[in-house]
Amino acid sequence: MKKESLSVRFLYQTIPGRLVLKVLTRPFLSKAAGAYLDSRLSRWLVPLFIKRHKIDMEGFEKKYRSFNSFFTRKRCLEEIDITPEHLISPCDGYLSIYPVSGEQSYHIKHVEYRLEELLKSRKLAKRFAGGTCLIFRLTPQDYHRYCYVSDGVVRRSRAIPGKLHCVRPIACGAFPVYAENSREYTELKTQRFGTVIQMEIGAMLVGKICNYPRDGQVFQGEEKGYFEFGGSTILLLLEEGRLELSEEMAGYIGTGVETRIRLGELVGVCPGRD
């Protein structure tokens, strides 16, 4: 992984920087930035962003009404693994995998995350004791549309307001970012993986979550929504014994190491498959 930028280190590792953070993480600032990035006045940022992040534009449209219309662009073709027994990646990004303890918590560096705080539901958190937490971190240059990871039925959806911290590893080691940031989650009832939580988490300067309203049946690979500008995160929770990680992914559990993954790629399978 790249070394953290000087600005990110300033914000999260110095006293003056943390004072600035109190302003930057407030949702009102993100809303103001979002209004500008939705306007035609922001179009000039598009070529600069493409150049800075070395984005390959093959397979995308070349003209955009605003910066956000560019940031939320669609790919013409997707290679998605549509196999019922497979759990797939919901997005492009960096994946890290953590075991959930019997006390319904998991650790990133020295920060403990309790599922009750993350989900705002003690009853729901108990379902995932001993299970698996998958964290997909999207960077600004990634494709910011995401899909459902499995066929299932939407049992409930919930939006939780909060702050908008950066989601870089340095921030996750300083604050309980995922439990403090604005987030939305869907509780899916699936045939093969039991109850699955698919949660979208916003991030600093804008990271706006745009989920399509859905009730009832959804399908693996179906687009669930998209993030507007800002590095963002998708978190999956699976119950104990419901996921057998692929051989490659199993080596990363609990290490804190992030591995590159693309939307629709295999993460693991349903145990006991034929």
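The values are calculated or read from the model by the stated rules, or taken from the named source; none is laboratory data. What you are looking at is a predicted structure, and each value in this text was computed from that prediction instead of being measured. Cβ coordinates were reconstructed from backbone atoms using ideal geometry, including for glycine residues, and neighbour counts include every protein chain displayed.
Anything in the stretch 42-58 that is surrounded by 10 or more Cβ atoms within 10 Å (Cβ to Cβ), within 23 Å of the chain's Cα centre (by Cα) and not in a helix (DSSP H, G or I)? List them, or say none.
If the condition is that a residue be surrounded by 10 or more Cβ atoms within 10 Å (Cβ to Cβ), within 23 Å of the chain's Cα centre (by Cα) and not in a helix (DSSP H, G or I), then Ile55, Met57 are the ones that fit.
Here is a check on your reading of the model: is Val149 at pLDDT 95 or above, within 18 Å of the chain's Cα centre (by Cα) and either buried (at least 23 other Cβ atoms within 10 Å of the Cβ) or hydrophobic (A, V, I, L, M, F, W, C) (or both)?
Yes, satisfied.
Looking at (1) surrounded by 11 or more Cβ atoms within 10 Å (Cβ to Cβ); (2) more than 19 Å from the chain's Cα centre (by Cα); (3) assigned by TED's automatic domain parsing to the domain that holds Lys123, can you tell me which one Gly102 breaks?
Looking at each condition in turn, Gly102 falls short on (1).
Answer yes or no as to whether Cys91 is in the same structural domain as Lys208 (by TED's automatic domain parsing), closer than 28 Å to Ser39 by Cβ and either free of Cβ contacts under 8 Å to residues at least 12 places away in the same chain or among the hydrophobic types (A, V, I, L, M, F, W, C) (or both).
So Cys91 passes the test.
Taking the options Leu77, Leu134, name whichever one is out of contact with any Asp or Glu (no Cβ under 7 Å at 6 or more places or on another chain), assigned to a loop (DSSP other than H, G, I, E, B) and within 30 Å of His53 (Cα to Cα).
Exactly one of Leu77, Leu134 is out of contact with any Asp or Glu (no Cβ under 7 Å at 6 or more places or on another chain), assigned to a loop (DSSP other than H, G, I, E, B) and within 30 Å of His53 (Cα to Cα), namely Leu77.
When you check Asp142 against the structure, is it touching a Leu at 6+ places or on another chain (Cβ under 7 Å), surrounded by 13 or more Cβ atoms within 10 Å (Cβ to Cβ) and either among the small types (Gly, Ala, Ser) or in contact (Cβ under 8 Å) with a residue 12 or more places away in the chain (or both), yes or no?
Spelling it out, it is not the case that Asp142 is touching a Leu at 6+ places or on another chain (Cβ under 7 Å), surrounded by 13 or more Cβ atoms within 10 Å (Cβ to Cβ) and either among the small types (Gly, Ala, Ser) or in contact (Cβ under 8 Å) with a residue 12 or more places away in the chain (or both).
Hey, Glu244 hits all of (1) under 16 Å from Ile88 (Cα atoms); (2) surrounded by 19 or more Cβ atoms within 10 Å (Cβ to Cβ); (3) modelled with pLDDT of 90 or more but one; which does it fall short on?
(2)
Restricting attention to the stretch 172-229, and to residues there that are assigned to a loop (DSSP other than H, G, I, E, B) and among the aliphatic types (A, V, I, L, M), which single residue is modelled with the highest pLDDT?
Selected residue: Ala203.
All but one of (1) among the β-branched types (Val, Ile, Thr); (2) crowded, with 20+ Cβ neighbours inside 10 Å; (3) part of a loop (DSSP other than H, G, I, E, B) hold for Ile234; which doesn't?
Single failed check for Ile234: (3).
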